[in-house]
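Laboratory data are not the source of any read-out in this text; all were calculated from the coordinates shown. For clarity, every value in this text was computed on a predicted model and none was experimentally measured. Cβ placement follows ideal geometry from the backbone for every residue including glycine, while neighbour counts extend to all protein chains displayed.
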Amino acid sequence: MGLDTWMRGRVGCPEPSMPAAFVLQLASAMQAAGGAPAQQLLAELGVTDELLTEPDRRVSLPDALSVVERAVELSSGAGLTLTLGLSASATRYGPVGLAAMCCATLGEAITTSIRYQALSTSAIRLHVRVQDERVVLEAEQVFPLGWASVVIIPALFIGLWRTGQTFTGHELRGDVDFSAPEPEGYLPEQAAFAPGAVRFGQPCDRMVFERAYLDLPLVSADPATARAMREQCERALSELTRAASLVSRVQQALFAADGGVRSARNLARDLGMSERTLKRRLAEQSTSYTELLDATRRARALELLGKNASVEEMSQSLGYSDAANFTRAFRRWTGQSPRAAREALRATRG
């Protein structure tokens, strides 16, 4: 089931992605939960531990979701999500995790993590708000995770809860809501392990806990290290923003008013540069006109699919010569036809 998009440093890519290290973490959790050996999954993907641990290596979100699906198939029970969440640690998130770990309080750590979250993935966005004496931490699926949300979102919350306890040295309690329906095989011992009440089929994915937790001091507080890590994160975020600015301009100019696609030459002219300059600047971001066009088409196709657009409407909107060419491209992106993807999306929405 080899994957095509093991990307390097593509921070400006419009397609949501995740650190490749997530795949290694998932494979290890699968094995620890009593499933197949981690190396079996990695062998199927055609990757090595060395590739997955490269700091700037990433994998597109759709491919990451495919890996989650395969890991579930190779698991022997319902413990994958729990094991994946419990394996989370601040060091897995590089400078962002270290910056959070060295903050003065839990509230500061949460704020820091949210500010630099884009350095990890743009697929999920965290929001925090205070309501009276309670804090609501919500996870927004910027890119729909589909059925895989029953693995990824709970693992995310378990990881946040676990690292919060490690950071503070305190037992933390709180309630959790999931938008997905209760997964098949959800075991009583999993619910008992939760930090509070767990509810499925709710309007959003969120954790709710006491406001007083925000003031808890961190056992690993280190102002100098926190400042150094924040400075490093700020530089990376600035680079990401700069790269995304050019990519965003390219994205916005890709499609003509009549639905056609602008050529690289015409697009460069519209952006006030030569075609050669455009290609060079995109290459500096480890991407290209062709890759951006394909990724933008893919993202827009999935968005239109969620709006119940017909295959013909999607094909015309994305600049394909006919519906058959669009369908072939969609199958290459997702491994299924637009009709099958629409049915799967409807099933996840109930």
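Do we have P144 as without any contact (Cβ under 8 Å) to a residue 40 or more places away in the chain, buried (at least 17 other Cβ atoms within 10 Å of the Cβ) and outside any helix (DSSP H, G or I) here? No, not satisfied. The single condition among (1) surrounded by fewer than 19 Cβ atoms within 10 Å (Cβ to Cβ); (2) of a type outside the set (A, V, I, L, M, F, W, C); (3) in contact with a Pro (Cβ under 9 Å, 6 or more places away or on another chain) that T296 does not satisfy is (1). Summed over region 112-128, the residues that are part of a helix (DSSP H, G or I) and among the basic types (K, R) give a count of 1. Of the residues that make up region 203-219, is at least one among the charged types (D, E, K, R), under 25 Å from S60 (Cα atoms) and touching a residue at least 12 places away in the same chain (Cβ under 8 Å)? Yes, region 203-219 contains a residue that is among the charged types (D, E, K, R), under 25 Å from S60 (Cα atoms) and touching a residue at least 12 places away in the same chain (Cβ under 8 Å).
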